[in-house]
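Here is the structure we will look at.
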Amino acid sequence: MRPAACSWGLGLLLAAAQLSRQQPPQLRPAFTCGGILSGESGFIGSEGFPGVYPPNSKCTWKITVPEGKVVVLSFRYIDLESDNLCRYDFVDVYNGHANGQRLGRFCGTFKPGALVANGNKMLVQMISDANTAGNGFIAMFSAAEPHERGDQYCGGRLDKPSGSFKTPNWPDRDYPAGVTCSWHIVAPKNQVIELKFEKFDVERDNYCRYDFVAVFNGGEINDAKRIGKYCGDSPPAPIISERNELLIQFLSDLSLTADGFIGHYKFRAKKLPTTTAPATTTPPATATLKPTVALCQQKCRRNGTLESHYCSSNFVITGTVITAVPRGGSLHATISIINVYKEGNLAIQQAGKNMSAKIIVVCKQCPLIRRGLNYIIMGQLEEDGRGKVLPNNFIMSFKTKNQKILNTLKNKRC
């Protein structure tokens, strides 16, 4: 059983007390909206911290440490409006001061581990909307030696033709709690990157919610470009990038840890398309999503039962509809996941401990779903991991009493 987290009220008091101890009374900062900071170390915080931050604000902090050092940012406290996709109030952290790689986006009360820039500059930006607010955040920046070994330093830019990356403390002892690492691998334009994990042991969880490794095509953390998310003690299968950049993110929370991992990468030439497999021979996956008159004008009636549809469905989840947007004759919905019973290759996004998935109801009136309600959703999957629900797929309102039968079906061999 995972230990319960301390209350955030206590966390706020501890953060304020720590800041008070480290700053003489006459030097305690009054936090304003953004600023330019330089030096070996210092604090940044949301406007008015520890009071509630203002609405409709956009604050930017530019941090510079001495040449030859790298910036390390450690959040001491964070309390922003919670949303599983961090769409409303959030803090973004970037390498450099302009057009840099995004190291992460954070909201809610989940405190990430230390974030390490590739160089001596970092940009932090906080955006709030017109609605719900919180107490904001406070973070400490400091200067560190590049490639410094230690409990909280890891990540960086990798641009040699081959190399390795590993968790802090590997192989001597377990990786530490509360760490965030991002390795940005960049190959020449005409090459791709092959990635293999030699050893792998990251805290196990069915949905990799606590400690995990995520791999992304491109140079930033972007769920639309995520190749996979991994935990447990089985190394992921070898990965080949689509283009010349990969981003590897490792995150450990403040609880259990494990041995960690070591991985290797190498650059290789991009294979050119051959004339024997023209692109026109395979229709795009999205073509099957278009509603047709014949498909969508049939009488909408749910047939069958949970049991009869379970095995024929590519994915089975329970969740709350948080957005439902009509597009053409279809409905594009975002589902905040309550539980996953059959995952397939469903693209599941995560922010903190919250998980969500995108589905398309091909005929928007059948089956009918409404925002704010809970459903059992069964359907098919596109190649890109989006869920697809056709009129003959199974959707019904979710009630707690349904959990028993779903748990039984989860253990059923199809």
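Suppose we filter Ile377, Ile405, Ile360 for residues that are more than 20 Å from Arg301 (Cα to Cα), more than 18 Å from the chain's Cα centre (by Cα) and modelled with pLDDT of 85 or more; which single one remains? Lay out the reasoning, then the answer.
On the way: Ile377 fails: more than 20 Å from Arg301 (Cα to Cα); Ile360 fails: more than 20 Å from Arg301 (Cα to Cα).
Result: Ile405 is the single residue among Ile377, Ile405, Ile360 that is more than 20 Å from Arg301 (Cα to Cα), more than 18 Å from the chain's Cα centre (by Cα) and modelled with pLDDT of 85 or more.
The rows are residues; the columns are (1) touching a Lys or Arg at 6+ places or on another chain (Cβ under 8 Å); (2) buried (at least 19 other Cβ atoms within 10 Å of the Cβ).
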position: Ile322; (1), (2): yes, no
position: Cys366; (1), (2): no, yes
position: Lys388; (1), (2): no, yes
position: Pro391; (1), (2): no, yes
position: Phe394; (1), (2): yes, yes
position: Thr400; (1), (2): no, no
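Please state which one of Ser57, Ser128, Ser82 is over 19 Å from Glu40 (Cα atoms), touching a residue at least 40 places away in the same chain (Cβ under 8 Å) and crowded, with 19+ Cβ neighbours inside 10 Å. Show your work before the answer.
Values: Ser57 fails: crowded, with 19+ Cβ neighbours inside 10 Å; Ser82 fails: crowded, with 19+ Cβ neighbours inside 10 Å.
The unique qualifying residue is Ser128.
List the number of the failed condition for Thr280; all other conditions in (1) under 30 Å from Lys401 (Cβ atoms); (2) of a type in the set (Val, Ile, Thr); (3) modelled with pLDDT under 65 hold.
The number of the failed condition is (1).
Give me the strands (runs of 3 or more DSSP E) completely within the range 41-142, filtered to those with at least 2 residues that are within 22 Å of Phe250 (Cα to Cα), outside the structural domain of Ile185 (by TED's automatic domain parsing) and at pLDDT below 90, ordered by residue number. Explain how you work it out, then say what you get.
Details: elements: 41-45, 58-64, 70-79, 90-95, 102-106, 121-127.
Those strands (runs of 3 or more DSSP E) span 70-79, 90-95, 102-106.
Quick check on my filter: what residues within the range 157-170 are farther than 14 Å from Phe197 by Cα and out of contact with any Gly (no Cβ under 8 Å at 6 or more places or on another chain)?
Kept after step one, since they are farther than 14 Å from Phe197 by Cα, are these residues of the range 157-170: 157-161, 168-169.
Within the range 157-170, Arg157, Leu158, Asp159, Lys160, Pro161 meet the criteria.
The values are calculated or read from the model by the stated rules, or taken from the named source; none is laboratory data. Predicted, not measured: the structure shown is a model, and the values here were computed from it. When we count neighbours, we look across all protein chains shown, and the Cβ atoms used for this are built from the backbone with ideal geometry, even at glycine.
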